[in-house]
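Asks: One structure coming up, written as structure tokens, with questions to follow.
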């Protein structure tokens, strides 16, 4: 497919993807970080699925800005600690403290949908 | 008399006194050494021998010891005249033993003769006892031979001297065993041998997989919810969000526990659904009943922990319950079931799946006390048989009947009779896996007696024939078109059946499941596109003839006289598992989910 030819030249540009929330907030993240979410990974997968997001690199997340922000925060947290092969404990408790309980229910549903 | 008042003493004496080397330590050491030596030698008494050994020992020991040893005679003679001993100190010490040491040795030899085994322990014990004996030898005297009677120094009782006999601390005699123990000195206690501590055994590095697995955000959220469970305000108004969705999210991870299930409890709830109650033990289920008294509808999936006690609480507390749906309540016994029925005469929906204990008596009670039952599901009930069906005939108001998945198929006659009795009111019927059913069931049962069916599930009925099914649908005018039809896993059915179905119900059919109809042809499948305008969900798994063109026809319709007509415009979900002719090149349409294309199988 013609996309394959483009892929190599695009590889530099497609390193960053944009995650958009419903209320207009946009988050630019590295592709690797965004793929911490199963749903987003499928959206961006250019081989299987053939979704438009794979071409544009823009994923619309149907959640509010605050929620998307927390999702992105978790993605970064996860990607970082998975690659850093440290024997120290992952500071999960710290991360938990950074989630305000007011949004935790919404966040649960969002996380479930995003497969993360 | 204090030691301060003294005549001139030798340098040695002064040195030892300053260094704090006392008689006890010396004597003890000497005694131990003596014993050691004697163990090696024959236990024969004789001053010359010990003298020799002393000399020998002295030569092999370090000077420190030697000086101590030298002092032994001197110090033990302290109670005696100090002057005399001092003078005799230097040369003779090396050769002679003092009286006390000699006496000690003799006593030890005697003991040795009396003993069977010369164990170290005894000697060590004797080492403890010996110094006290020798030092206070003047008071207590040497230990009498083992076996002889002695009078206890404290309680004056007669006791037998054993090797464990201790000298009294006051020095006036020996103690019987009890007094010795009472005095705190346990004769049996072996001197504490400092345990050689092995370096802690290297524990196998058991990789803790649970900890290593990175917690998912869902898990983190669930933990947080559990933490804040009591703080309702903090969590925000749950009504705004979809309670069911949250319940599903929690259940997916088996995360619903008695700590966070309170999230869903509310006295004003009228319906409650828990998709996975596996982690809720029986007391938690009782709490459920107490906290949600006003429930009219309850659904518990995987409620394996629901036992008689908890279910009885359901019977008594959930007074206005009209509909109960349980998956897996296998612990509940007939008495509890019966009690539930008697307390809920207004029960309208009773849907249970998987219970080996639900028996004919339960059914009888159900029919007797809950005549208003509209929805009945006895799926995977082990004991179901014709007698059950006979009872069910009494339920005139039945709309929804599901008796699928029995352990043994009920007879065709029984089912036909059942339909004869209640068939006219039924809008949903599921008789799957009653393998005894044949085409006759269709004609004598469904055709003859049903008129209001909207949903029919007749899967896993191997006796049905293609022609039979086709004919049935052709003739089934008395019943309007079906909305939902599931005839899956009947692999002999094919074109005729499908055509019959589509002609009968095609225009209203919203869900069709013909998974497993391997012989159905492409033409028949195309008819789905032509007639199935309302189709929403379609499952055509393992229909080998299905290929990209048929899918295209379904999604886009076909060109007829220059215009695109037909097609399943309302299609939402299409399952094509096992259809290997459908490739990834098959057309897609927005809003349609296609599952099961093999080239996309793995990620």
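Asks: Give me the strands (runs of 3 or more DSSP E) completely within the range B:271-385, filtered to those with at least 2 residues that are within 19 Å of residue B:404 (Cα to Cα) and at pLDDT 90 or above, ordered by residue number. If you could, list the steps in order and put the result at the bottom.
Replies: Numbers: elements: B:271-274, B:297-300, B:323-327, B:349-355, B:375-381.
The qualifying strands (runs of 3 or more DSSP E) are B:323-327, B:349-355, B:375-381.
Residue by residue, here is whether (1) in contact with a helix residue (DSSP H, G or I) (Cβ under 8 Å, 6 or more places away or on another chain); (2) surrounded by 16 or more Cβ atoms within 10 Å (Cβ to Cβ); (3) at pLDDT 90 or above holds:
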position: B:539; (1), (2), (3): no, yes, yes
position: B:555; (1), (2), (3): no, yes, no
position: B:559; (1), (2), (3): no, no, no
position: B:562; (1), (2), (3): no, no, no
position: B:567; (1), (2), (3): yes, yes, no
position: B:570; (1), (2), (3): no, no, no
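Asks: Wholly within the range A:24-101, which helices (runs of 4 or more DSSP H) include no fewer than the required count, namely at least 2 residues that are facing another protein chain (nearest Cβ under 10 Å) and closer than 30 Å to residue B:598 by Cα?
Replies: On the way: elements: A:31-34, A:38-44, A:52-56, A:65-83, A:92-97.
Correct list: A:38-44.
Asks: Which of (1) under 29 Å from residue B:584 (Cβ atoms); (2) touching a strand residue (DSSP E or B) at 6+ places or on another chain (Cβ under 9 Å); (3) facing chain B (nearest Cβ under 8 Å) does residue A:112 not meet, given it meets every other one?
Replies: Every listed condition holds for residue A:112 apart from (2).
Asks: Within the range B:287-300, does at least one residue satisfy the condition of being surrounded by fewer than 16 Cβ atoms within 10 Å (Cβ to Cβ), closer than 20 Å to residue B:349 by Cβ, more than 14 Å from chain A (Cβ to nearest Cβ) and more than 22 Å from the chain's Cα centre (by Cα)? Full working, then the answer.
Replies: At the first step, the residues of the range B:287-300 found to be surrounded by fewer than 16 Cβ atoms within 10 Å (Cβ to Cβ) are B:290, B:293-294.
Retained after the next criterion (residues that are closer than 20 Å to residue B:349 by Cβ): B:293-294.
In the following step, the residues that additionally are more than 14 Å from chain A (Cβ to nearest Cβ) were identified as B:293-294.
Now restrict to residues that are more than 22 Å from the chain's Cα centre (by Cα): B:293-294.
Yes, that holds for at least one residue.
Asks: Taking the range B:572-586 as the search range and keeping residues that are within 14 Å of another protein chain (Cβ to nearest Cβ) and over 18 Å from residue A:42 (Cβ atoms), which one is surrounded by the fewest Cβ atoms within 10 Å (Cβ to Cβ)?
Replies: Applying the filter and picking the extreme gives B:585.
Asks: Scan (1) on the phi > 0 side of the Ramachandran plot; (2) within 11 Å of another protein chain (Cβ to nearest Cβ) for the single condition residue A:107 breaks and write down its number.
Replies: Result: residue A:107 passes all but (1).
Asks: Could you figure out which of (1) in the same structural domain as residue B:571 (by TED's automatic domain parsing); (2) under 50 Å from the mean Cα position of the chain (by Cα) isn't true of residue B:412?
Replies: In the conditions (1) in the same structural domain as residue B:571 (by TED's automatic domain parsing); (2) under 50 Å from the mean Cα position of the chain (by Cα), residue B:412 misses (1) alone.
Asks: Which of the following residues is within 14 Å of chain A (Cβ to nearest Cβ) and touching a residue at least 12 places away in the same chain (Cβ under 8 Å): B:518, B:589? Show your work before the answer.
Replies: Numbers: B:518 fails: within 14 Å of chain A (Cβ to nearest Cβ).
Answer to the check: B:589.
The values are calculated or read from the model by the stated rules, or taken from the named source; none is laboratory data. The structure presented is a predicted model; accordingly, all values stated were derived computationally and were not measured. Glycine also receives a Cβ, built like all others from the backbone with ideal geometry; neighbour counts cover every protein chain displayed.
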